[in-house]
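Below is one structure; the comments refer to it alone.
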Amino acid sequence: TYTPSSAETSAAPVTVKLVLTSTAGNGTCAAVTDTVKVDITPVPVVNAGSAFNICADSAYVQLASSVSTGSGLWTTNGTGSFFPNAATINAKYVPSAIDKTTGSVTLTLTSQANGSCNSISGQTTITISPSPTAFPGNDTTICASVTTVNVKGVLTVATGGKWTTSGSGTFGSATSLITTYTPSAADKVAGTV
């Protein structure tokens with residue numbers, strides 16, 4: 001057996017020639033020499049990139065990864081897809097509705113074109129936070145003589161919000177979910193806000 005030195009394996013790819021020379025029992029014949037070539041292929045190095053934290057309203061995640069062999073294949077434990085395809089090392093991952101509901105997905109990048117080495121894999125995780133929603137309440141109709149309107153907003157995921165208007169009226173507190181809106185004279189003339 002021949003055990004390559006650490007210098008040989010770390011400098012891969014290298015070619016080592018092993019020489020066999022007869023030294024005894026040749027009789028009247030000269031010693032003979034023959035060689036065998038051993039090619040040492042470097043072990044693939046895979047970097048699947050850092051973990052991601054995204055919102056469920058994100059259309060995709062741009063992957064930033066590398067494979068020393070220059071060729072790799074992505075797989076997922078989710079149901080999303082890779083764009084343009086799973087063989088693109090720096091592909092975009094498009095989370096599916098199921099991925100977004102589940103809240104996380106693990107992506108695995110496996111080296112290809114490994115020569116005589118086994119494939120190597122690396123992983124990255126995408127954590128998907130739910131999208132916030134805002135509901136400002138149901139539409140309402142008031143008389144122009146009303147001076148204030150009670151408004152009640154509901155948010156999911158988000159812990160705070162801010163009221164704005166298409167008109168020029170004012171809010172009792174623009175940052176409180178439950179507040180009042182005082183229509184301006186222009187709002188009343190416009191007839192809707």
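Please indicate, with yes or no, whether at least one residue in the range 27-40 is modelled with pLDDT of 90 or more, part of a loop (DSSP other than H, G, I, E, B) and open to solvent by less than 70 Å² (accessible area, probe 1.4 Å).
Scanning the range 27-40 turns up no residue that is modelled with pLDDT of 90 or more, part of a loop (DSSP other than H, G, I, E, B) and open to solvent by less than 70 Å² (accessible area, probe 1.4 Å).
Taking the stated definitions as given, is Asn85 out of contact with any Ser or Thr (no Cβ under 9 Å at 6 or more places or on another chain), open to solvent by 50 Å² or more (accessible area, probe 1.4 Å), under 21 Å from Val46 (Cα atoms) and at pLDDT 95 or above?
When the stated conditions are applied, Asn85 passes them.
Conditions: (1) touching a Ser or Thr at 6+ places or on another chain (Cβ under 6 Å); (2) open to solvent by less than 90 Å² (accessible area, probe 1.4 Å); (3) assigned to a loop (DSSP other than H, G, I, E, B). Thr75 meets all but one. Number of the miss?
Failed condition: (3).
What pairs come out if I take residues in the range 167-182 that are more than 9 Å from Thr148 (Cβ to Cβ) and pair them with residues that are crowded, with 16+ Cβ neighbours inside 10 Å and among the polar types (S, T, N, Q) whose C-beta lies under 6 Å away, six or more apart or interchain?
Close Cβ pairs (under 6 Å, with a partner that is crowded, with 16+ Cβ neighbours inside 10 Å and among the polar types (S, T, N, Q)) amount to Phe171/Thr179; Ser173/Thr179.
For the range 172-193, name all the residues that are surrounded by 13 or more Cβ atoms within 10 Å (Cβ to Cβ) and over 44 Å from the mean Cα position of the chain (by Cα).
Answer for the range 172-193, where residues must be surrounded by 13 or more Cβ atoms within 10 Å (Cβ to Cβ) and over 44 Å from the mean Cα position of the chain (by Cα): Thr182, Pro183, Ser184, Asp187, Lys188, Ala190.
The values are calculated or read from the model by the stated rules, or taken from the named source; none is laboratory data. All values derive from a computational prediction rather than experimental measurement. Every residue, glycine as well, gets a Cβ built from its backbone with ideal geometry; the counts of neighbours run over all protein chains shown. Heavy atoms of the whole protein, side chains included, go into the accessibility calculation; ligands, DNA and RNA do not. Shrake-Rupley method; radii C 1.70, N 1.55, O 1.52, S 1.80 Å.
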